[in-house]
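Below: one structure, written as C-alpha coordinates.
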Amino acid sequence: MTSAGRFAPSPSGELHVGNLRTAILAWLFARSTGRNFLLRVEDLDRARAGAEAEQLRDLAAIGVRWDGAVVRQTDRGGLYAAAISRLADAGRTYECFCTRREIQEAPSAPHAPQGAYPGTCRNLDPAELEFKRSTRPAAIRLRSDTAEYTVRDILHGEFTGVVDDFVLRRNDGVTAYNLAVVVDDAAQGIDQVVRGDDLLASTPRQAYLASLLDIPVPEYAHVPLVVNSDGVRLAKRDGAVTLADLALAGVSAPAVRDVLLQSLGLPAGTLEQALAVFRPEGLPRESWVWPGYPGRLQ
Ligand code: GLU
(Lines give C-alpha, C1' and ligand atoms only; values in the text may rest on other atoms or scores of the structure.)
Protein backbone atom coordinates (compact mmCIF):
# COMPACT_ATOMS: atom_id res chain seq x y z
CA MET A 1 0.00 0.00 0.00
CA THR A 2 1.36 3.45 -0.90
CA SER A 3 1.99 5.53 2.18
CA ALA A 4 -0.41 8.37 2.67
CA GLY A 5 -1.42 11.43 4.58
CA ARG A 6 -4.99 12.52 5.05
CA PHE A 7 -7.59 15.07 6.01
CA ALA A 8 -10.46 13.74 8.10
CA PRO A 9 -13.22 16.30 8.64
CA SER A 10 -16.35 15.71 10.68
CA PRO A 11 -19.33 16.66 8.52
CA SER A 12 -21.08 18.68 11.20
CA GLY A 13 -21.28 21.84 9.12
CA GLU A 14 -19.31 23.88 6.63
CA LEU A 15 -15.54 24.03 6.99
CA HIS A 16 -14.25 27.34 8.27
CA VAL A 17 -10.97 28.99 7.42
CA GLY A 18 -9.24 27.21 10.32
CA ASN A 19 -10.26 23.80 8.96
CA LEU A 20 -9.25 24.85 5.44
CA ARG A 21 -5.83 25.96 6.65
CA THR A 22 -5.31 22.58 8.34
CA ALA A 23 -6.38 20.82 5.12
CA ILE A 24 -3.85 22.84 3.11
CA LEU A 25 -1.13 21.88 5.58
CA ALA A 26 -2.08 18.20 5.53
CA TRP A 27 -1.92 18.29 1.73
CA LEU A 28 1.47 20.07 1.75
CA PHE A 29 2.96 17.64 4.28
CA ALA A 30 1.74 14.62 2.31
CA ARG A 31 2.74 15.84 -1.13
CA SER A 32 6.12 17.17 -0.01
CA THR A 33 6.98 13.69 1.27
CA GLY A 34 5.76 11.84 -1.84
CA ARG A 35 2.67 10.47 -0.12
CA ASN A 36 -0.81 9.98 -1.39
CA PHE A 37 -3.42 12.26 0.13
CA LEU A 38 -6.69 10.70 1.26
CA LEU A 39 -9.95 12.15 2.43
CA ARG A 40 -11.97 10.47 5.15
CA VAL A 41 -15.35 11.70 6.28
CA GLU A 42 -15.67 11.16 10.03
CA ASP A 43 -19.42 10.82 10.10
CA LEU A 44 -19.90 8.46 13.06
CA ASP A 45 -21.12 11.36 15.11
CA ARG A 46 -22.24 14.92 14.52
CA ALA A 47 -23.10 14.43 10.83
CA ARG A 48 -25.42 16.98 9.23
CA ALA A 49 -27.15 16.15 5.94
CA GLY A 50 -25.49 18.00 3.07
CA ALA A 51 -22.38 19.01 5.02
CA GLU A 52 -20.11 16.44 3.38
CA ALA A 53 -20.89 17.74 -0.12
CA GLU A 54 -20.25 21.32 1.02
CA GLN A 55 -16.95 20.34 2.59
CA LEU A 56 -15.73 18.51 -0.52
CA ARG A 57 -16.79 21.43 -2.69
CA ASP A 58 -14.90 23.91 -0.51
CA LEU A 59 -11.73 21.82 -0.40
CA ALA A 60 -11.77 21.57 -4.19
CA ALA A 61 -12.40 25.34 -4.45
CA ILE A 62 -9.14 26.15 -2.64
CA GLY A 63 -7.23 23.57 -4.71
CA VAL A 64 -7.00 20.64 -2.28
CA ARG A 65 -7.20 17.46 -4.40
CA TRP A 66 -7.27 13.97 -2.96
CA ASP A 67 -6.46 10.52 -4.28
CA GLY A 68 -9.05 7.81 -4.75
CA ALA A 69 -12.54 7.63 -3.36
CA VAL A 70 -13.68 9.40 -0.23
CA VAL A 71 -13.99 6.97 2.71
CA ARG A 72 -16.85 7.31 5.19
CA GLN A 73 -16.64 5.93 8.71
CA THR A 74 -20.28 4.85 8.70
CA ASP A 75 -19.34 2.27 6.01
CA ARG A 76 -16.67 0.71 8.20
CA GLY A 77 -18.47 -0.68 11.24
CA GLY A 78 -17.15 -4.19 10.56
CA LEU A 79 -13.53 -3.05 10.86
CA TYR A 80 -14.17 -1.32 14.17
CA ALA A 81 -16.07 -4.30 15.56
CA ALA A 82 -13.21 -6.62 14.55
CA ALA A 83 -10.66 -4.44 16.34
CA ILE A 84 -12.79 -4.30 19.51
CA SER A 85 -13.24 -8.09 19.42
CA ARG A 86 -9.51 -8.53 19.13
CA LEU A 87 -8.93 -6.35 22.15
CA ALA A 88 -11.71 -8.13 24.05
CA ASP A 89 -10.19 -11.55 23.24
CA ALA A 90 -6.89 -10.31 24.64
CA GLY A 91 -8.59 -9.25 27.89
CA ARG A 92 -8.12 -5.61 27.02
CA THR A 93 -11.69 -4.35 27.38
CA TYR A 94 -14.44 -4.12 29.96
CA GLU A 95 -18.03 -3.00 30.13
CA CYS A 96 -18.73 0.35 31.73
CA PHE A 97 -22.12 1.51 32.94
CA CYS A 98 -21.17 4.91 34.32
CA THR A 99 -23.01 8.05 33.32
CA ARG A 100 -21.06 11.20 32.65
CA ARG A 101 -22.31 12.55 35.95
CA GLU A 102 -21.22 9.49 37.91
CA ILE A 103 -17.76 9.83 36.42
CA GLN A 104 -17.58 13.51 37.36
CA GLU A 105 -18.72 12.81 40.90
CA ALA A 106 -16.57 9.73 41.52
CA PRO A 107 -13.54 10.28 43.73
CA SER A 108 -10.53 10.02 41.45
CA ALA A 109 -7.92 7.40 42.15
CA PRO A 110 -4.85 8.70 44.00
CA HIS A 111 -2.35 10.29 41.60
CA ALA A 112 -4.76 9.85 38.68
CA PRO A 113 -4.42 12.65 36.15
CA GLN A 114 -7.30 15.09 35.90
CA GLY A 115 -10.05 13.94 33.56
CA ALA A 116 -8.95 10.30 33.63
CA TYR A 117 -11.68 7.69 34.04
CA PRO A 118 -11.74 6.77 37.76
CA GLY A 119 -11.95 3.02 37.09
CA THR A 120 -15.38 2.48 38.69
CA CYS A 121 -16.34 -0.44 36.42
CA ARG A 122 -12.88 -1.89 35.86
CA ASN A 123 -13.16 -4.70 38.38
CA LEU A 124 -16.85 -5.40 38.90
CA ASP A 125 -17.58 -8.78 40.45
CA PRO A 126 -19.99 -11.07 38.57
CA ALA A 127 -22.99 -10.10 40.72
CA GLU A 128 -22.39 -6.36 40.27
CA LEU A 129 -21.88 -6.88 36.56
CA GLU A 130 -25.13 -8.78 36.25
CA PHE A 131 -27.01 -6.12 38.17
CA LYS A 132 -25.52 -3.24 36.15
CA ARG A 133 -26.29 -5.02 32.90
CA SER A 134 -29.93 -4.97 33.89
CA THR A 135 -29.89 -1.21 34.44
CA ARG A 136 -28.53 0.26 31.22
CA PRO A 137 -26.51 -0.59 28.11
CA ALA A 138 -22.75 -0.79 28.54
CA ALA A 139 -20.03 1.22 26.91
CA ILE A 140 -16.82 -0.67 26.15
CA ARG A 141 -13.63 0.71 27.66
CA LEU A 142 -10.01 -0.14 27.06
CA ARG A 143 -8.30 -1.90 29.96
CA SER A 144 -5.12 0.14 29.81
CA ASP A 145 -1.96 -0.90 31.57
CA THR A 146 -0.26 2.45 31.45
CA ALA A 147 -1.07 5.92 32.75
CA GLU A 148 0.81 7.75 30.01
CA TYR A 149 2.45 7.26 26.65
CA THR A 150 4.96 9.25 24.63
CA VAL A 151 4.65 10.19 20.98
CA ARG A 152 6.92 12.08 18.62
CA ASP A 153 5.54 15.03 16.72
CA ILE A 154 7.30 16.86 13.89
CA LEU A 155 6.36 20.27 15.32
CA HIS A 156 6.13 19.50 19.07
CA GLY A 157 8.95 16.99 19.52
CA GLU A 158 8.38 14.36 22.22
CA PHE A 159 4.99 14.66 23.86
CA THR A 160 3.88 12.58 26.83
CA GLY A 161 0.20 12.50 27.67
CA VAL A 162 -2.45 10.72 29.66
CA VAL A 163 -3.71 7.27 28.74
CA ASP A 164 -6.70 6.16 30.78
CA ASP A 165 -9.34 3.48 30.28
CA PHE A 166 -10.90 5.44 27.44
CA VAL A 167 -14.12 4.48 25.68
CA LEU A 168 -13.87 2.32 22.55
CA ARG A 169 -17.61 1.96 21.91
CA ARG A 170 -20.20 4.24 23.44
CA ASN A 171 -23.24 2.84 25.18
CA ASP A 172 -25.41 3.88 22.22
CA GLY A 173 -23.36 1.50 20.06
CA VAL A 174 -21.40 4.22 18.23
CA THR A 175 -17.69 3.54 17.83
CA ALA A 176 -15.60 6.11 19.67
CA TYR A 177 -13.38 8.46 17.70
CA ASN A 178 -10.15 7.26 19.36
CA LEU A 179 -10.73 3.69 18.18
CA ALA A 180 -12.06 4.56 14.72
CA VAL A 181 -9.21 6.92 13.90
CA VAL A 182 -6.55 4.32 14.73
CA VAL A 183 -8.28 1.53 12.81
CA ASP A 184 -9.01 3.73 9.79
CA ASP A 185 -5.54 5.21 9.53
CA ALA A 186 -4.05 1.71 9.57
CA ALA A 187 -6.56 0.25 7.10
CA GLN A 188 -5.95 3.11 4.67
CA GLY A 189 -2.16 2.90 4.85
CA ILE A 190 -1.97 6.33 6.47
CA ASP A 191 1.43 6.79 8.07
CA GLN A 192 1.34 10.56 8.43
CA VAL A 193 -1.27 12.35 10.52
CA VAL A 194 -1.44 16.13 10.19
CA ARG A 195 -4.25 17.82 12.13
CA GLY A 196 -5.04 20.66 14.51
CA ASP A 197 -3.03 20.84 17.72
CA ASP A 198 -6.22 20.58 19.79
CA LEU A 199 -5.88 16.82 19.13
CA LEU A 200 -2.32 16.50 20.43
CA ALA A 201 -3.62 15.62 23.92
CA SER A 202 -5.55 12.61 22.51
CA THR A 203 -2.59 11.35 20.52
CA PRO A 204 -0.86 9.31 23.27
CA ARG A 205 -4.12 7.36 23.73
CA GLN A 206 -4.29 6.66 20.01
CA ALA A 207 -0.64 5.67 19.70
CA TYR A 208 -0.92 3.35 22.71
CA LEU A 209 -4.01 1.75 21.18
CA ALA A 210 -2.15 1.31 17.89
CA SER A 211 0.64 -0.48 19.77
CA LEU A 212 -1.89 -2.88 21.33
CA LEU A 213 -3.31 -3.65 17.88
CA ASP A 214 0.20 -4.15 16.40
CA ILE A 215 -0.35 -1.16 14.17
CA PRO A 216 2.67 1.02 13.33
CA VAL A 217 2.32 4.45 14.92
CA PRO A 218 2.10 7.13 12.21
CA GLU A 219 4.24 10.24 11.95
CA TYR A 220 2.41 13.15 13.59
CA ALA A 221 2.34 16.89 12.95
CA HIS A 222 -0.10 18.84 15.08
CA VAL A 223 -0.43 22.24 13.48
CA PRO A 224 -1.38 25.53 15.13
CA LEU A 225 -5.02 26.54 15.06
CA VAL A 226 -6.67 29.66 13.76
CA VAL A 227 -8.09 31.78 16.58
CA ASN A 228 -10.34 34.83 16.87
CA SER A 229 -9.20 38.20 18.18
CA ASP A 230 -9.74 36.95 21.76
CA GLY A 231 -7.30 34.10 21.15
CA VAL A 232 -10.11 31.52 21.20
CA ARG A 233 -10.32 28.77 18.59
CA LEU A 234 -12.21 30.10 15.58
CA ALA A 235 -15.88 29.09 15.34
CA LYS A 236 -18.86 29.87 13.13
CA ARG A 237 -20.00 32.63 15.47
CA ASP A 238 -16.87 34.60 14.66
CA GLY A 239 -18.52 36.12 11.59
CA ALA A 240 -17.74 35.40 7.95
CA VAL A 241 -15.45 32.39 8.32
CA THR A 242 -16.68 29.95 5.66
CA LEU A 243 -16.11 30.19 1.92
CA ALA A 244 -19.85 30.66 1.41
CA ASP A 245 -19.98 33.61 3.88
CA LEU A 246 -16.86 35.12 2.40
CA ALA A 247 -18.17 34.74 -1.16
CA LEU A 248 -21.28 36.69 -0.15
CA ALA A 249 -18.97 39.39 1.12
CA GLY A 250 -17.20 39.44 -2.26
CA VAL A 251 -14.09 37.43 -1.31
CA SER A 252 -13.32 34.59 -3.73
CA ALA A 253 -12.05 31.12 -2.80
CA PRO A 254 -8.62 31.79 -4.40
CA ALA A 255 -8.35 35.00 -2.35
CA VAL A 256 -9.05 33.03 0.85
CA ARG A 257 -6.51 30.40 -0.20
CA ASP A 258 -3.92 33.14 -0.72
CA VAL A 259 -4.53 34.67 2.72
CA LEU A 260 -4.19 31.23 4.31
CA LEU A 261 -0.97 30.47 2.43
CA GLN A 262 0.51 33.83 3.41
CA SER A 263 -0.41 33.20 7.04
CA LEU A 264 1.85 30.14 6.78
CA GLY A 265 4.73 32.18 5.38
CA LEU A 266 4.07 30.75 1.91
CA PRO A 267 3.56 32.62 -1.35
CA ALA A 268 0.07 33.37 -2.65
CA GLY A 269 -0.86 31.27 -5.67
CA THR A 270 -1.71 27.65 -6.32
CA LEU A 271 -1.00 24.94 -3.77
CA GLU A 272 1.47 23.43 -6.25
CA GLN A 273 3.44 26.70 -6.22
CA ALA A 274 3.41 26.69 -2.40
CA LEU A 275 4.56 23.08 -2.42
CA ALA A 276 7.71 24.04 -4.30
CA VAL A 277 8.90 26.13 -1.31
CA PHE A 278 7.20 24.34 1.60
CA ARG A 279 9.45 23.39 4.51
CA PRO A 280 7.92 22.15 7.81
CA GLU A 281 10.77 23.82 9.76
CA GLY A 282 9.69 27.19 8.39
CA LEU A 283 6.11 26.96 9.65
CA PRO A 284 4.86 29.37 12.29
CA ARG A 285 4.51 27.63 15.67
CA GLU A 286 1.87 29.94 17.12
CA SER A 287 -1.83 30.03 16.45
CA TRP A 288 -2.86 32.56 13.83
CA VAL A 289 -5.39 35.29 14.51
CA TRP A 290 -8.00 35.45 11.78
CA PRO A 291 -7.87 39.03 10.53
CA GLY A 292 -11.62 39.10 10.04
CA TYR A 293 -13.69 40.62 7.33
CA PRO A 294 -13.86 43.30 6.10
CA GLY A 295 -10.53 44.79 6.89
CA ARG A 296 -7.29 43.18 5.93
CA LEU A 297 -8.72 40.29 3.94
CA GLN A 298 -8.47 41.74 0.44
N1 GLU B 1 -12.61 14.46 12.59
C2 GLU B 1 -11.76 15.19 13.46
C3 GLU B 1 -12.14 16.66 13.41
O4 GLU B 1 -12.74 17.11 12.45
C5 GLU B 1 -10.31 15.10 13.04
C6 GLU B 1 -9.72 13.83 13.44
C7 GLU B 1 -8.29 13.62 13.00
O8 GLU B 1 -7.78 14.32 12.12
O9 GLU B 1 -7.70 12.68 13.53
O10 GLU B 1 -11.84 17.36 14.36
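The values are calculated or read from the model by the stated rules, or taken from the named source; none is laboratory data. As the structure is a prediction and not an experimental result, all values here were calculated from the model. Backbone-built Cβ (ideal geometry, glycine too); neighbour counts: all protein chains shown. Side chains are part of the model used for accessible areas, which takes the heavy atoms of the whole protein and leaves out ligands, DNA and RNA. Shrake-Rupley method; radii C 1.70, N 1.55, O 1.52, S 1.80 Å.
Within segment 171-184, work out how many residues are open to solvent by 40 Å² or more (accessible area, probe 1.4 Å) and within 16 Å of the ligand (Cβ to nearest atom).
Quick first cut of segment 171-184, residues open to solvent by 40 Å² or more (accessible area, probe 1.4 Å) only: 171-173, 177.
From what's left, within 16 Å of the ligand (Cβ to nearest atom): 177.
Number of matching residues: 1.
So how many residues does segment 64-86 have that are free of Cβ contacts under 8 Å to residues at least 12 places away in the same chain and assigned to a strand (DSSP E or B)?
0
Output yes when any residue across segment 241-249 is touching a strand residue (DSSP E or B) at 6+ places or on another chain (Cβ under 7 Å), on the phi < 0 side of the Ramachandran plot and outside any loop (DSSP other than H, G, I, E, B), and no when none is. Spell out how you get there, then give the answer.
First, the residues of segment 241-249 that are touching a strand residue (DSSP E or B) at 6+ places or on another chain (Cβ under 7 Å): 241-242.
Restricting the remaining residues to those that are on the phi < 0 side of the Ramachandran plot gives 241-242.
Those still in the list that are outside any loop (DSSP other than H, G, I, E, B) too: 242.
Looking for residues that are touching a strand residue (DSSP E or B) at 6+ places or on another chain (Cβ under 7 Å), on the phi < 0 side of the Ramachandran plot and outside any loop (DSSP other than H, G, I, E, B), one finds at least one in segment 241-249, hence yes.
Yes or no, residue by residue, for (1) touching a helix residue (DSSP H, G or I) at 6+ places or on another chain (Cβ under 7 Å); (2) at pLDDT below 95; (3) acidic (D, E):
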residue	(1), (2), (3)
Q104	no, yes, no
P110	no, yes, no
N123	no, no, no
L129	no, no, no
R152	no, no, no
G157	no, no, no
A187	yes, no, no
Q206	yes, no, no
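Of the residues in segment 185-199, how many are under 16 Å from E219 (Cα atoms) and within 9 Å of the ligand (Cβ to nearest atom)?
Of all residues in segment 185-199, those under 16 Å from E219 (Cα atoms) come to 185-197, 199.
Filter once more, keeping what is within 9 Å of the ligand (Cβ to nearest atom): 185, 193-196, 199.
Adding up the residues that qualify gives 6.
Can you tell me which condition D45 does not meet? The list is (1) at pLDDT 95 or above; (2) within 15 Å of the chain's Cα centre (by Cα); (3) surrounded by fewer than 21 Cβ atoms within 10 Å (Cβ to Cβ), and all the others hold.
With (1) at pLDDT 95 or above; (2) within 15 Å of the chain's Cα centre (by Cα); (3) surrounded by fewer than 21 Cβ atoms within 10 Å (Cβ to Cβ) applied to D45, the lone miss is (1).
Please specify each residue of segment 212-226 satisfying the condition of being in contact (Cβ under 8 Å) with a residue 24 or more places away in the chain and more than 13 Å from the ligand (Cβ to nearest atom). Let's see the steps before the verdict.
First, pick out the residues of segment 212-226 that are in contact (Cβ under 8 Å) with a residue 24 or more places away in the chain: 212-213, 215-226.
Within segment 212-226, L212, L213, I215, P216, V217, E219, P224, V226 qualify.
Can you tell me which residues in segment 2-17 are touching a Phe, Trp or Tyr at 6+ places or on another chain (Cβ under 8 Å) and either part of a strand (DSSP E or B) or open to solvent by 10 Å² or more (accessible area, probe 1.4 Å) (or both)? If you could, list the steps in order and put the result at the bottom.
Let us first name the residues in segment 2-17 that are touching a Phe, Trp or Tyr at 6+ places or on another chain (Cβ under 8 Å), namely 4-7, 17.
Within segment 2-17, A4, G5, R6, F7 qualify.
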